[in-house]
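**Student:** My questions all concern the structure below.
The values are calculated or read from the model by the stated rules, or taken from the named source; none is laboratory data. This is a predicted model, so every value here is computed, not measured. We place every Cβ from the backbone using ideal geometry, glycine too, and count neighbours over all the protein chains shown. Protein only, heavy atoms only, side chains kept; ligands, DNA and RNA dropped before computing areas. Shrake-Rupley method; radii C 1.70, N 1.55, O 1.52, S 1.80 Å.
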Amino acid sequence: MLILDASHIVKVYGEAGEASSTAALGGVSLSMNKGEFIAIMGPSGSGKTTFLNILSGIDQPTSGDVAISGQDLNKITGDQIALFRRKQLGFVFQDFNLLDSLTVKENIILPMILEKKSANEMEERVRNLAKLFEIESILNKYPYEVSGGQQQRTAVSRALVNKPNIIFADEPTGNLDSKSSAVIMECFEKIVYELATTVLIVTHDVFAASYCQKVIFIKDGLIHSSIVKKSNRKEFFNQIMDNLAILGGRTYDV
Ligand SMILES: Nc1ncnc2c1ncn2[C@@H]1O[C@H](COP(=O)(O)OP(=O)(O)O)[C@@H](O)[C@H]1O
Ligand SMILES: [Mg+2]
């Protein structure tokens, strides 16, 4: 089942043709089926964040179409886009984006309150996600009382609470040490293999990317190449390293 279908996405910041304009994406296409797990990599400034923002309806393309679960994002008007994003999409960010004045449990529940779900349903959903991601013991703590890895697992739970069709994550391991990064990538594996939810991440972290089924390399606003995991993660890690060397450029955002 096709979950994401983006074709010929072009993005020009500023007025096309003017000296100050920037062509961030030059015609990029991407399709994802249900349960696919893909990473996008590429040098700083290659258009990764722009692409993710367009796929998730945060930003509009200059030209090209994006459809999620068969719904053309261009055809959704005004307030409906916020509603669509809350129901159909989940987001995970580098800096967790939790509300400090709410407990872990309240942070996870928040998107359900906006959807006016029943108290019983909210309780059950939080319990199940907290169990899956092993954060049951911290539900009543505040974000500043728990580790970065636990904060990111809270953010992952929040992203899933309304049962989205796809999760978008921009540098989800960017603020985590290597041990917490592994735990978070294992959470994404659970999202894909146990909850059958589609996941797209943007990352410069080769270790994180090696958990995915496929890596797409972007350079200068175009898809340069892509590789599919054939055997184990260690081998895929080496393959990603080789491809990044060919790609060149500075992969780390500063
Ligand atoms: N809001 C913006 N206005 C103008 N130019 C932008 C804007 N956002 C990004 N760009 C430019 O578009 C290009 C791609 O940026 P971005 O998508 O952030 O790349 P990446 O995430 O791969 O580092 C860069 O040249 C960047 O300077
Ligand atoms: Mg970026």
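**Student:** Leaving ligands and nucleic acids out of the surface, order Lys131, Lys214, Lys179, Lys141 by accessible area at 1.4 Å, largest first.
**Tutor:** Ranked list, largest accessible area first: Lys179, Lys131, Lys141, Lys214.
**Student:** Continuing with this model, one more query. If you roll a 1.4 Å probe over the heavy atoms of the protein chains, what accessible area per residue do you get for the chain, in Å²?
**Tutor:** Dividing the accessible area of the chain by its residue count gives 48 Å².
**Student:** Multiply the residue separation of Ser178 and Ser44 by 0.36 nm, subtract the distance between their alpha-carbon atoms, and state the gained length in nm to one decimal.
**Tutor:** 46.1 nm
**Student:** At a threshold of 8 angstrom on Cα-Cα distance, excluding pairs fewer than six apart, so keeping six or more, what relative contact order does region 65-182 reach in percent?
**Tutor:** 41 percent
**Student:** Run the accessible area of the chain with a 1.4 Å probe and give the carbon-and-sulfur part as a rounded percent.
**Tutor:** Of the solvent-accessible surface of the chain, carbon and sulfur hold 49 percent.
**Student:** Determine by what factor the alpha-carbon radius of gyration of region 178-244 differs from 2.2 N^0.38 Å, reporting the quotient.
**Tutor:** 1.12
**Student:** Let me ask you something else. May I have the extent of the alpha carbons of the chain along their three principal axes, as whole Å values ordered from largest to smallest?
**Tutor:** In descending order, the Cα extents are 53, 45, 35 Å.
**Student:** State the extension gain, in nm to one decimal, for the chain segment bounded by Lys230 and Tyr144, taking 0.36 nm per residue of separation less the distance between their alpha-carbons.
**Tutor:** Details: separation 86, 0.36 × 86 = 30.96 nm, distance 4.02 nm.
Stretched fully, the Lys230-Tyr144 segment lengthens by 26.9 nm.
**Student:** On a 0 to 90 degree scale, rounded to 10, what angle separates helix 119-132 from the longest Cα axis of the chain?
**Tutor:** So the helix axis and the longest Cα principal axis differ by about 70 degrees.
**Student:** Another question, if that's okay. Give, as a single signed number, the net charge of other residues whose beta carbon lies under 12 Å from the beta carbon of Leu139, with Lys and Arg counted +1 and Asp and Glu -1.
**Tutor:** 0
**Student:** Using the alpha carbon gyration tensor of region 70-129, what are the three equivalent-ellipsoid semi-axes (square root of 5 times each eigenvalue), largest first, in whole Å?
**Tutor:** Equivalent ellipsoid of region 70-129: 24, 16, 11 Å, largest first.
**Student:** Between region 86-119 and region 147-167, what's the alpha-carbon centroid distance in Å?
**Tutor:** Region 86-119 and region 147-167 have Cα centres separated by 8 Å.
**Student:** Now a separate question. In whole Å, how far is the Cα centre of region 43-61 from that of region 203-222?
**Tutor:** Each part's Cα centre sits 14 Å from the other's.
**Student:** With angles folded into 0 to 90 degrees, how steeply does helix 178-193 sit against the dominant principal axis of the chain? Use alpha carbons for both and round to 10.
**Tutor:** That works out to roughly 90 degrees.
**Student:** Hey, for a label at Gln213 modelled as a point 7 Å past Cα toward Cβ, could you say which residues of region 159-183 have their backbone N under 19 Å away?
**Tutor:** 164-169
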